[in-house]
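Data block below; observations after.
The values are calculated or read from the model by the stated rules, or taken from the named source; none is laboratory data. Everything quoted here is computed from the prediction, not taken from an experiment. As a convention, Cβ positions derive from the backbone with ideal geometry for all residues, glycine included, and neighbour counts pool all protein chains shown.
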Amino acid sequence: MLRLFQFIVRYQAFLFFILLEALCGWLVIRNNHYQNAAFLNSSNKVAGAIHNFNNNITSYLGLRQVNNQLVLENTHLQIELSRLRNQLGQANQNLATDEVRINNYHFVPAGVINNTTRRLNNYITIDKGRLDNIKPNMAVINNQGVVGKVKSASANFATITSILHPDVLTSALIKATNTLCTVKWDGLSPEKAEILYVPRHVAVKVGDSVVCSGYNAIYPAGVPIGVVSKVDIKKESTFYDLEILFATKFDQLSFVFVVSNILKSEKDSLEYVVR
């Protein structure tokens, strides 16, 4: 301990210089968009490589559970496909319209190599990046529902702003009443969030399904967000105090799909002209 103290005293000027350099670098990155983007891309690459190595080990140990889950999901999908074919019968020719709608979106599967759920601002790292056509603001979902949207991407990795982030507002729809609303995480439980702007005259009940509205051109319409888990309203309030239970189990994320809307640029350009 004495030697450490002597070392600090002896080189205090140099150590103070290093501290000032680090502070200056942090201020430059924080207050300049170009440097901030370059730092994020570089850090994504380094952090992604580390998280990828760690994820390879944990993924190997959990292969049996993942395989069992995939078998169950594939079995369920086969049953649903058979049921739908029997119901549709001769109406199969009408599927052309649905296929066109589905083809508006491109899906890229990716593995989750890092995931936070207990912070105020939560992020996810995946093992796909620009080389896989991953770009900022693309939607991210999984087989359960909404996950978040891409924040930044390096060549081989990307970071996702989780829906467990107070700055993320998701345009939603309560299916039972076809009511538009907004889902926002309140920073508390990774399993629940708030549902905003539902007027008091709407009949809402616990268990109602909440899905993406499709109005923001990022998430496909109908992707599950969760179900209403709490309904409350004050006498003087215009809107309900609603709570949603997420469909996605964020602490169990292994794989996700990055979704790009092929027609998003066309829609955005048209709406920009209207403004």
Inset, instruction - Looking only at the stretch 103-161, count how many residues are part of a strand (DSSP E or B), in contact (Cβ under 8 Å) with a residue 60 or more places away in the chain, small (Gly, Ala, Ser) and surrounded by 19 or more Cβ atoms within 10 Å (Cβ to Cβ). - result: 5
Inset, instruction - Identify, from the list LYS230, LYS192, LYS205, the residue that is surrounded by 13 or more Cβ atoms within 10 Å (Cβ to Cβ) and either free of Cβ contacts under 8 Å to residues at least 40 places away in the same chain or touching a Cys at 6+ places or on another chain (Cβ under 7 Å) (or both). - result: LYS230
Inset, instruction - Search the stretch 177-188 for residues that are touching a residue at least 24 places away in the same chain (Cβ under 8 Å) and pair each with any residue that is among the hydrophobic types (A, V, I, L, M, F, W, C) and not in a strand (DSSP E or B) when their beta-carbon atoms are under 7 Å apart and the residues are at least 6 apart or on different chains. - result: THR177/VAL202; THR177/ALA203; THR177/VAL204; THR179/VAL198; THR179/VAL202; CYS181/VAL198; GLY187/LEU120
Legend entry - Sole exception among (1) modelled with pLDDT under 90; (2) in contact with a strand residue (DSSP E or B) (Cβ under 6 Å, 6 or more places away or on another chain); (3) more than 30 Å from ARG130 (Cβ to Cβ) for PRO220, by number: (3)
Inset, instruction - Would you check which residues across the stretch 195-215 are in contact with a Leu (Cβ under 9 Å, 6 or more places away or on another chain) and more than 16 Å from ALA247 (Cβ to Cβ) and list them? - result: LEU196, TYR197, VAL198, VAL204, GLY214, TYR215
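Listed here are the residues, each with its yes/no results for (1) touching a Cys at 6+ places or on another chain (Cβ under 8 Å); (2) modelled with pLDDT under 95; (3) within 12 Å of PRO224 (Cα to Cα).
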| site | (1), (2), (3) |
| --- | --- |
| ILE141 | no, yes, yes |
| VAL150 | no, no, no |
| ILE160 | no, no, no |
| PRO166 | no, yes, no |
| LEU169 | no, yes, no |
| THR182 | no, no, no |
| TRP185 | no, no, no |
Inset, instruction - Could you tell me whether the stretch 251-264 includes any residue that is closer than 21 Å to SER162 by Cβ and modelled with pLDDT of 95 or more? - result: no
